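Shown next, in structure tokens, is the structure this report addresses.
The values are calculated or read from the model by the stated rules, or taken from the named source; none is laboratory data. Only a predicted model underlies this, so the values are computations on that prediction, with no experimental measurement involved. When we count neighbours, we look across all protein chains shown, and the Cβ atoms used for this are built from the backbone with ideal geometry, even at glycine. Heavy atoms of the whole protein, side chains included, go into the accessibility calculation; ligands, DNA and RNA do not. Shrake-Rupley method; radii C 1.70, N 1.55, O 1.52, S 1.80 Å.
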Amino acid sequence: QVQLVESGGGLVQAGGSLRVSCAASGSFFSNYAMGWFRQAPGKEREFVAAISWSGGRTYSADSVKGRFTISRDNAKNTVYLQMNSLKPEDTAVYYCAARDGPYGSSALLWDYWGQGTQVTVSS
């Protein structure tokens, strides 16, 4: 069982930066792929980025490539999403997810979810 708690969301102006974090409980964190998804009002939850259990491989949605970076610190049981050059369309609730298996962009493939943290980008 893995429990995930996101933090670091907030309000930022367009062009600014923000880093959200996800702290995981459980002794098998290092075995899990970790991912970030987001959901804007009235829209489906969409994949943002993912990282392999070792941190050696990362994956990003086309909409955030070159702007967002996912990383993890297995010693701290924490995964991060550094968001730069933020745009108003990045406004959403950002969710952390864990999967006992390889990366997948469908939210249906992920096993554990955090409660989400709101990111709002003003124009």
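Identify the single condition in (1) open to solvent by less than 80 Å² (accessible area, probe 1.4 Å); (2) closer than 16 Å to Val5 by Cβ that Gln115 does not satisfy, given that it satisfies every other one.
Evaluating Gln115 over (1) open to solvent by less than 80 Å² (accessible area, probe 1.4 Å); (2) closer than 16 Å to Val5 by Cβ leaves (1) as the failure.
How about the stretch 89-112: which of its residues are surrounded by 15 or more Cβ atoms within 10 Å (Cβ to Cβ) and outside any loop (DSSP other than H, G, I, E, B)?
Asp90, Ala92, Val93, Tyr94, Tyr95, Cys96, Ala97, Ala98, Arg99, Ala107, Leu109, Tyr112
Going by what's in this entry, would Leu86 be described as open to solvent by less than 40 Å² (accessible area, probe 1.4 Å), part of a loop (DSSP other than H, G, I, E, B) and of a type in the set (A, V, I, L, M, F, W, C)?
Here the answer is yes, as Leu86 does meet what is asked.
Of (1) aliphatic (A, V, I, L, M); (2) farther than 17 Å from Leu109 by Cβ; (3) within 12 Å of the chain's Cα centre (by Cα), Ala24 satisfies all except one. Which?
Just one mismatch for Ala24, condition (3).
Need a quick list: strands (runs of 3 or more DSSP E) entirely within the stretch 8-80 having at least 2 residues that are in contact (Cβ under 8 Å) with a residue 40 or more places away in the chain and open to solvent by less than 30 Å² (accessible area, probe 1.4 Å).
Output list reads 10-13, 18-25, 33-39, 46-51.
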